[in-house]
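> Please see the structure below; I have some questions.
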């Protein structure tokens, strides 16, 4: 078995509803939830602080890295190590280089980043970026991760 439990192309489980799905599925065909990011609300048989193991379907703590039942590392739905420094980095990019959309590129919002680049000469993106930087700093880490991770 691979470290994620799905390297062999076998089935897995949805992180939101726990139904058996194809391990490579990006969206659960049963509930429609993407498998890269945990939903912020609860679901069938779990609270908002829980998720399903991607290998065996056991209900786990939202932040669990390993399943206590099968021992498989949980990579789907994890924020990939993004932490407080990412919130601060995004805020600094928005405050200092917001007019060029640097914070949007950093957060993976490429289309918005390109839009900021197209209109940087108007200084409107700089003003909006400055405001967004302050908003990033005011948000709690959990709120930031929920919205941008």
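> Any chance you could run the full-extension gain for residue 118 through residue 89? It's 0.36 nm times the residue separation minus the Cα-Cα distance, nm to one decimal. Write down the numbers at each step before the final one.
On the way: separation 29, 0.36 × 29 = 10.44 nm, distance 2.28 nm.
Gain in length upon complete extension: 8.2 nm.
> Given 0.36 nm per residue, what is the gain on full extension from residue 58 to residue 135 after removing their alpha carbon distance, in nm?
The residue 58-residue 135 span can extend by a further 24.1 nm.
> Here's something else I'd like to know. Under a point spin-label approximation (7 Å from Cα along Cα-to-Cβ), what is the residue 49-residue 36 distance to one decimal in nm?
Distance between the two pseudo-spin positions: 2.9 nm.
> Say each of residue 127 and residue 110 gets a label point 7 Å from the Cα, pointing the same way as Cα to Cβ; how far apart are those two points in nm?
3.0
> So how do 16, 48 line up by other beta-carbon neighbours within 10 Å, fewest first?
Numbers: 16 23, 48 13.
Listing 16, 48 from fewest to most nearby Cβ atoms yields 48, 16.
Taken together, the values in this text are just the output of simple stated rules run on the coordinates, not laboratory data. All of these numbers come straight from a predicted model, not from anything done at the bench. Virtual Cβ from ideal backbone geometry, glycine too; neighbours counted across all protein chains shown.
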